[in-house]
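A short write-up of the structure that comes next.
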Amino acid sequence: MGSLVHVKEATIVTPSEPTPTRVLSLSALDSQLFLRFTIEYLLVYKAHPGLDPRATTARVKAALAKALVPYYPLAGRVRAKPDGGSGTGLEVVCRAQGVLFIEAASDHTVNEFEKAPRFVTQWRKLLSFQVADVLKGAPPLVVQLTWLKDGNAALGVGINHCLCDGVGSAEFLNSFAELASTSQNKFAEFKFKPKPVWDRHLLNPAPSKLSRNNNNSYNNNSLSHPEFNRVPDLCGFLARFSNERLVPTSFIFNKANLHELKKVAFSTSRLSESNYTSFEVLSAHIWRSWARALNLPSNQIVKLLFSINVRDRVKPSLPSGYYGNGFVLGCAQSSVKELTEKGLWYATMLVKRAKERVDSEFVKSVVESVSQSRACPDSVGVLILSQWSRLGLEKVDLGMGKPVHVGPICCDRYCLLLPVFNQTDAVKAMVAVPTTAAQRYEHLVRSFCS
């Protein structure tokens, strides 16, 4: 049973000033098949004593309407391009159709969010409107402000991934929140920093590349893109994740834990490969723990897919304020046998090398691949990991202070690295694993031996 959430109001919020009426094309990266879903954030706040819920709700709605002026495509509607072509391109129809704002009340309390949810959908109703198909006319942005039983608050946000990536959506949320906490006399003169930039053409293939649509360029290209290659399912991997109940897990890695993981990776690493980041060792450790806990066949190929921000990796760099999808997938790949037997240094090295491959030419190659052949990652043997701890979500202050919890609405099979309240050097890892693997995964992820 999920907790009770009562919707008090659901209303459409439109931009507070006139905005352009136009149809804007989304980029090749925006239009990828695997991004046609909603990013769902959950931010939980401890309210100040004496906070007026009615006034706060009014401020949040006014801030949302104001933020939608420069971010007016978020008030549009995403659709497939009607011109035929390859059938993969998307566009957004901008007519100030508006976004959905919901105010609700719940019997949740703030302390419940200190641990992982008991089941995947326990917090589902904190974003009550769920979009099944992002191309069927739903608002690209849904915001729900829920007042908790103890007087605190939760902000649920659903944002169409075709329009924004993590970096872009966090920039929007920070601007929106800053507006909500801005005094009335400064509200009208508010300056958006960074100023939102559309410019989606910057991540489209060159016209000369598109003309090769019917030759073998993608087939050759795919050899250098393991993230798009399929691997055999030797163990009923997909059926297991579909049929078994998934158990949410949560573990905080503090500065000492991360240092210990680096020491383990360094101790067996070759000298030339020993400059590892916290992300590299932590993602490698989680990947190995996950693969070992699932008890997969030794010859099963497994992958770790993770997002890599390319804003400063492409040449020229993307402009500040670019809020579209400015990332590609890094891919570390190994047999289960090598991943589990070779130690943490090996997995860490695979993650590091996957990051190093991503340069401007790599990004161009991905853009061509997804434009020409509907290239899309497969799910067999795959753990997807996303680093929300570096997006700035922990700074989204609606006037109630910084959020005491940042995470997803639903803790699912995708692993998320999350910020930890008042611990800038710590990271919380949340992922749901099959019931039969949950106990072993929790034991392994807490163990820092090689």
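Can we say Ser379 is hydroxyl-bearing (Ser, Thr, Tyr) and under 16 Å from Lys303 (Cβ atoms)?
yes
If I ask for residues that are open to solvent by 30 Å² or more (accessible area, probe 1.4 Å) and in a loop (DSSP other than H, G, I, E, B), which ones from segment 385-409 would you list?
Those that are open to solvent by 30 Å² or more (accessible area, probe 1.4 Å) and in a loop (DSSP other than H, G, I, E, B): Leu391, Asp397, Lys402, Val404.
Would you confirm whether any residue within segment 427-440 is in contact with a Leu (Cβ under 6 Å, 6 or more places away or on another chain), open to solvent by 50 Å² or more (accessible area, probe 1.4 Å) and within 19 Å of Leu304 (Cβ to Cβ)?
no
So Ser360 ticks every box in (1) hydroxyl-bearing (Ser, Thr, Tyr); (2) within 18 Å of Gly330 (Cβ to Cβ); (3) open to solvent by 20 Å² or more (accessible area, probe 1.4 Å) but one. Which box is left unticked?
If we test Ser360 against (1) hydroxyl-bearing (Ser, Thr, Tyr); (2) within 18 Å of Gly330 (Cβ to Cβ); (3) open to solvent by 20 Å² or more (accessible area, probe 1.4 Å), just (3) comes out false.
Filter segment 368-395 down to residues that are modelled with pLDDT of 95 or more and in contact with a Pro (Cβ under 6 Å, 6 or more places away or on another chain) and give me whichever is farthest from His161 (Cα to Cα).
That would be Glu394.
Take the conditions at pLDDT 95 or above, closer than 18 Å to Cys410 by Cα and in a helix (DSSP H, G or I) and apply them to Lys66. Does it pass?
no
With respect to Leu51, determine if the residue is open to solvent by 40 Å² or more (accessible area, probe 1.4 Å), among the aliphatic types (A, V, I, L, M) and either closer than 17 Å to Ile159 by Cβ or at pLDDT below 95 (or both).
In short, yes.
Pairs please, first residue from segment 429-450 and over 19 Å from Ala239 (Cα atoms) and part of a helix (DSSP H, G or I), second anywhere and modelled with pLDDT of 95 or more and acidic (Asp, Glu), Cβ atoms under 6 Å, 6+ apart in sequence or on different chains.
none
Quick check on my filter: what residues within segment 110-130 are over 25 Å from Val427 (Cβ atoms) and of a type outside the set (Lys, Arg)?
Ser128, Phe129, Gln130
Check Phe37 against each of (1) aromatic (Phe, Trp, Tyr); (2) open to solvent by 20 Å² or more (accessible area, probe 1.4 Å); (3) touching a Phe, Trp or Tyr at 6+ places or on another chain (Cβ under 8 Å) and name the one condition it does not meet.
Exception for Phe37: condition (3).
Name the pairs whose Cβ atoms lie under 6 Å apart, with the first residue in segment 371-398 and over 19 Å from Val433 (Cβ atoms) and touching a residue at least 60 places away in the same chain (Cβ under 8 Å), the second in a helix (DSSP H, G or I) and charged (D, E, K, R), and 6 or more positions between them or separate chains?
Final answer for the pair search is Pro377/Glu227.
Of these, Val380, Val370, Val396, which one is of a type in the set (Val, Ile, Thr) and farther than 23 Å from Arg36 by Cα?
Exactly one of Val380, Val370, Val396 is of a type in the set (Val, Ile, Thr) and farther than 23 Å from Arg36 by Cα, namely Val396.
Quick one: in segment 55-101, which of the residues that are over 27 Å from Lys8 (Cα atoms) and of a type in the set (Ser, Thr, Tyr) is surrounded by the most Cβ atoms within 10 Å (Cβ to Cβ)?
Result: Thr88.
Restricting attention to segment 168-181, does a residue exist that is in contact (Cβ under 8 Å) with a residue 24 or more places away in the chain, assigned to a loop (DSSP other than H, G, I, E, B), surrounded by 19 or more Cβ atoms within 10 Å (Cβ to Cβ) and not polar (S, T, N, Q)?
There is no residue in segment 168-181 that is in contact (Cβ under 8 Å) with a residue 24 or more places away in the chain, assigned to a loop (DSSP other than H, G, I, E, B), surrounded by 19 or more Cβ atoms within 10 Å (Cβ to Cβ) and not polar (S, T, N, Q).
Tally the residues that are of a type in the set (Lys, Arg) and in a loop (DSSP other than H, G, I, E, B), restricting the search to segment 115-134.
Of the residues in segment 115-134, 2 are of a type in the set (Lys, Arg) and in a loop (DSSP other than H, G, I, E, B).
Take segment 382-403 and flag every residue that is more than 22 Å from Ala55 (Cα to Cα) and of a type in the set (A, V, I, L, M, F, W, C).
Val382, Leu383, Ile384, Leu385, Trp388, Leu391, Leu393
Answer with yes or no whether Leu282 is surrounded by 23 or more Cβ atoms within 10 Å (Cβ to Cβ), over 30 Å from Glu171 (Cα atoms) and in contact (Cβ under 8 Å) with a residue 60 or more places away in the chain.
When the stated conditions are applied, Leu282 does not pass them.
Quick one: how many residues across segment 296-333 are open to solvent by 40 Å² or more (accessible area, probe 1.4 Å) and part of a strand (DSSP E or B)?
Going through segment 296-333 one residue at a time, the tally reaches 4.
One residue is enough: does segment 40-55 have a residue meeting the conditions acidic (Asp, Glu), assigned to a strand (DSSP E or B) and under 22 Å from Lys395 (Cβ atoms)?
Yes, some residue in segment 40-55 is acidic (Asp, Glu), assigned to a strand (DSSP E or B) and under 22 Å from Lys395 (Cβ atoms).
The values are calculated or read from the model by the stated rules, or taken from the named source; none is laboratory data. Just so you know, these numbers come straight off a predicted model, no measurement behind them. Quick reminder, even Gly has a Cβ in these numbers, built from the backbone with ideal geometry, and neighbours come from all protein chains shown. Please note that ligands, DNA and RNA were not included when accessible areas were found on the heavy atoms of the full protein model with its side chains. Shrake-Rupley method; radii C 1.70, N 1.55, O 1.52, S 1.80 Å.
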